[in-house]
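What follows is one structure encoded as structure tokens, with my remarks underneath.
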Amino acid sequence: MRDLKTVIRSLPDFPKPGIIFRDITTLLADPEALCEAYDAIEKYLRTKKVNKIVAIDSRGFLLGGALADRLNIPLIPVRKKGKLPFTTISEEYALEYGTDSLEIHTDAITSGDSVAVLDDLLATGGTLKATCRLIEKLGGEVAGIAVFIELSFLKGRDRLTGYDIMALVDYDSETV
């Protein structure tokens, strides 16, 4: 697989000065690179023997749909509060300033499910940790977490101790 950093666009000072935004739209626009990314995540997930994929709102859906299709297993969305139509449970997590919460349908995961969690990015680990807690509240086991990008300088893995994490690309500093 080629170095996906060559495909992911880096935008300095977005959304505010001092931040470098890692833009996956350029990866999504490159069918060959995107296929390579999906292939690598698929290989990882097959070793985990998962029976469900949980994808996090909203860019996690870009991974989740494709991988659920490839593995022929259910795709379960985790969404921001108030976006799911059926009975849900929620989990709050910290943001830079304040809190937010995620929800999952109560019938989405059953005891004994082996679940993969997919999102585009691991930064501080808050949304991934909240998602793992939701799965575990419903009796599922988080078999693995897969992301396109990890910003390891933010130390998000520290919040996810005990979980197996696969990141296709690691940015270990805030420099371009």
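Observations, loosely collected:
- Within region 41-94, the trypsin sites (Lys or Arg not before Pro) that combine a DSSP coil assignment with at most 11 other C-beta atoms in a 10 angstrom radius are K49.
- Of all aspartates and glutamates in the structure, those lying under 18 Å Cα to Cα from K83, and not within fewer than 8 positions of it along the same chain, are D57, E91, E92, D100, E103, D107, D119.
- P(r) weight above 13 Å for region 1-57, C-alpha pairs, percent: 69
- Scattering profile of the chain at q = 0.12, 0.15 Å⁻¹ [log10 I(q)/I(0), Debye over alpha-carbon scatterers]: -0.53, -0.84
- Long-range HN-HN contacts of D170 with modeled amide H, under 5 Å: E150
- Given +1 at the Cβ of Lys and Arg, -1 at the Cβ of Asp and Glu and no other charges, the dipole of region 4-171 around its Cα centre is 180 debye to the nearest 20.
- Loop-located chymotrypsin sites (Phe, Trp or Tyr not before Pro) in region 1-92 (DSSP state not H, G, I, E or B) with no more than 11 neighbouring Cβ atoms inside 10 Å: F86.
- Two-site label geometry, I20 and K43: point separation in nm, points 7 Å out along Cα→Cβ: 2.6
- FRET efficiency estimate (nearest 0.05) - Cβ-Cβ, D13 to S114, R0 41 angstrom: 0.50
- Dipole of region 31-145 [Lys/Arg +1, Asp/Glu -1 at C-beta], most positive-end residue of I56, A143, G98: A143
- Helix 60-71 axis, angle to the chain major axis (alpha carbon atoms, nearest 10°): 70
- Share, in percent, of DSSP beta bridges within the chain that are antiparallel, nearest 5: 40
- Computed [θ] at 222 nm, helices only, for the chain once each DSSP H run of length n ≥ 4 contributes -39500 (n - 2.57): -8000 deg cm²/dmol
- Mean separation of Cα contacts under 8 Å (6+ apart) over length of region 53-176, as relative contact order %: 22
- Tilt relative to the chain, helix 31-48 - C-alpha long axis, 0 to 90 degrees, to 10: 40
- Working from label points 7 Å from Cα in the Cα-to-Cβ sense, the L28 to T87 distance is 3.4 nm.
- In degrees, nearest ten, helix 126-137 long axis to first principal axis of the chain (Cα): 20
- Distance violations [Cα-Cα > 19 Å] among K81/K129; K16/K81; K81/K137; K5/K80; K5/K48: K16/K81; K5/K80; K5/K48
Where a number appears in this text, it was derived from the coordinates with a stated rule and is not lab data. It should be emphasised that the depicted structure is a prediction, and the values quoted were computed from it without experimental measurement. Note: ideal-geometry Cβ built from the backbone for every residue, glycine included; neighbour counts use all protein chains shown.
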